Structures are given as structure tokens and as C-alpha cells.
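Inspection log for the structure reproduced underneath, given as C-alpha cells.
Coordinate-derived values only; no laboratory data. Since we're looking at a predicted model, the values are computed, not measured. Cβ sites come from the backbone with ideal geometry, for glycine too, and all protein chains shown count toward neighbours.
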Amino acid sequence: MTSESQLIHHANQLYEKGWMAGTSGNLSVRTEDGFRITPSGKHKGELSVADLVLLPSSGVLPSDSPHRPSAEISLHQTIYRNCPDARAVYHVHTVEATVVSEWARAGSLELPPLEMLKGFGWRGGDPLPVFPVFSNHADVRDIAADLESFFRRKREFLLPGFLIRLHGLTVWGDSPAAAFKHVELFDFLFRFMVLSRTVSS
Ligand SMILES: CSCCC(=O)C(=O)COP(=O)(O)O
Ligand SMILES: [Zn+2]
């Protein structure tokens, strides 16, 4: 299976879970010649490999591209540029990610110290990793600029994801399967956070 067909397989699974409802979300995979990303505004439950748009390594979109790339392509570009190991970037809109994005203080969200965090390589006992939440600027390039500044502040341990306030979750991984797993792990954490507050209120 090529990474492009894995992406399509995952798009269908994420759609079925309700995490890319309607036209929401966008996915990309790194390829030898750049990266391929889902088209903008297309229903995410009906994608095929032929719909994917190539952004060549030059960063210049071919003028004969049949589809417009995701409007959030600058976020994918920023991740691939700053994370050399990233081979897939997945962005989803889950209800719980949107709810907890409102709980951030000073641009970051406190995650619960759950065993699940070890799925990201965090070792229990270490300080809890920072989980950034960026403002949902109207121009996505402004969100990408905030992400770029975040990457420039080097840290011991970097979680492979971030939230955009009242918008959604973006993750990356060293393979499409890893990116998919990261979406699932974050979803578990966010559902735990929402349920804990509901139970204790
Ligand atoms: C109803 S989705 C609004 C746009 C968005 O947030 C998204 O994830 C999808 O945008 P794209 O351009 O990638 O289709
Ligand atoms: Zn989005």
C-alpha cells in the first residue's frame, strides 16, 4: 500500500468516526517529490488518491493542478519544515478537541498525567509536556507563524500535535499509521478530560 492510499484509507476511517465530518479536516503525506495533501472543500468521506494535490519540494504549486489544495496547507508546510521525521500530518475536527481548546491558559492546555501519554514516548515522572493551543486567526498563515515561533523554542520533549482554539486538532507522525495513532491517543485524552469535568460537576 502506498502512503497515498493509506491516507485515503485513514480519511475514510476518520470520516466514519465523525472526526472529519462534511468537508472538515485535511490530511497529507510526505513523498519523494514534496508532499500530497487533500483538496480544499471536498467532502472528506469521498476522497480518492486522484484528488490529492502535490506540493512539490520547491513549494510552488503547479499551475495545472486540477484541485485547490487544503486552505490549511501552510500548517502542513510548517510541520514538515520543522520536523524532519514527520511523514504524515493529519488535521481533524473532533467535538472534544474543540471543547477542551477553550480550557487553555496562556496558550497551553494542561493534559492529565495518564498512562496514554506514554504512547507519545513520554516517560511517567518527567514533567508533563507542554501542549500548545493557538488562536484561530482568520488568515491560516498567521496560525502557521505562531506554530513556527513555537517550534523555534526548543524543548526536551515535543508532543506531536497541537490544538487551534474552537477549531480542531493537528498531529504528525513518522508514518501515516503513526499519525492515525496520535489522533486516537489525543482523542482519548480529550474525552477523558471532558468526562472527568462532567462527572465532577
Ligand atoms: C467546515 S471545515 C472549515 C475549514 C477547515 O477547518 C478544514 O479543516 C477544512 O479545510 P480544507 O480547505 O482542507 O477543506
Ligand atoms: Zn480545520
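Roughly speaking, what % of Cα-Cα pairs in the chain are separated by over 21 Å, rounded to a whole number?
In whole percent, the share of Cα-Cα pairs in the chain beyond 21 Å is 50.
Please list, in order along the stretch 41-56, the HN-Hα scalar couplings obtained from phi with the Karplus expression 6.51 cos²θ - 1.76 cosθ + 1.60 (θ = phi - 60°), rounded to whole Hz, x for Gly and Pro.
x, 8, 4, 7, x, 10, 8, 9, 4, 5, 7, 5, 10, 8, 9, x
For an R0 of 45 angstrom, estimate the FRET efficiency from the Cβ-Cβ distance between residue 155 and residue 46 and round to the nearest 0.05.
With a Förster radius of 45 Å, E is 0.70.
Quick one: which of 171-182, 6-17 comes out on top by average Cβ neighbours within 10 Å, and what's the full order, highest first?
Result, highest mean first: 171-182, 6-17.
Taking 25 Å as the cut-off for C-alpha to C-alpha distance, list the pairs among 44/118; 17/181; 17/154; 17/42 that go past it.
Table pairs above 25 Å Cα-Cα are 44/118; 17/154.
Show me 57-66, 125-134 ranked by packing, highest mean number of other Cβ atoms within 10 Å first.
125-134, 57-66
Ignoring everything except DSSP H segments at least 4 long, calculate the 222 nm mean residue ellipticity for the chain; use -39,500 (n - 2.57) per segment, divide by total residues, nearest 500.
After summing the helix terms and dividing by the residues of the chain, the value is -11000 deg cm²/dmol.
Using only Cα atoms, tell me the angle between helix 73-82 and the longest principal axis of the chain; keep it within 0 to 90° and round to the nearest 10.
It is inclined by approximately 70 degrees.
Enumerate the amide H contacts of residue 94 below 5 Å, restricted to partners 5 or more residues apart or on another chain; note that Pro and chain-start residues carry no placed amide H.
For residue 94, whose amide H was placed from the backbone, the distant partners under 5 Å are 169.
For residue 137 and residue 82, compute 0.36 nm times the residue count separating them, minus their Cα-Cα distance, and round to one decimal in nm.
Value of the extension gain: 17.7 nm.
Could you give the size of the charge dipole of the stretch 3-200 about its Cα centre, using +1 on the Cβ of each K and R and -1 on the Cβ of each D and E, expressed in debye and rounded to the nearest 20?
Dipole magnitude for the stretch 3-200 comes out near 340 debye.
Calculate how steeply helix 176-200 sits against the longest principal axis of the alpha-carbon atoms of the chain, using the helix alpha-carbon long axis, and give the answer as 0 to 90 degrees to the nearest 10.
Around 30 degrees separate the two axes.
How many angstrom separate the Cα center of the stretch 136-182 from the Cα center of the stretch 33-93?
If we compute the Cα centre of each part, the gap is 15 Å.
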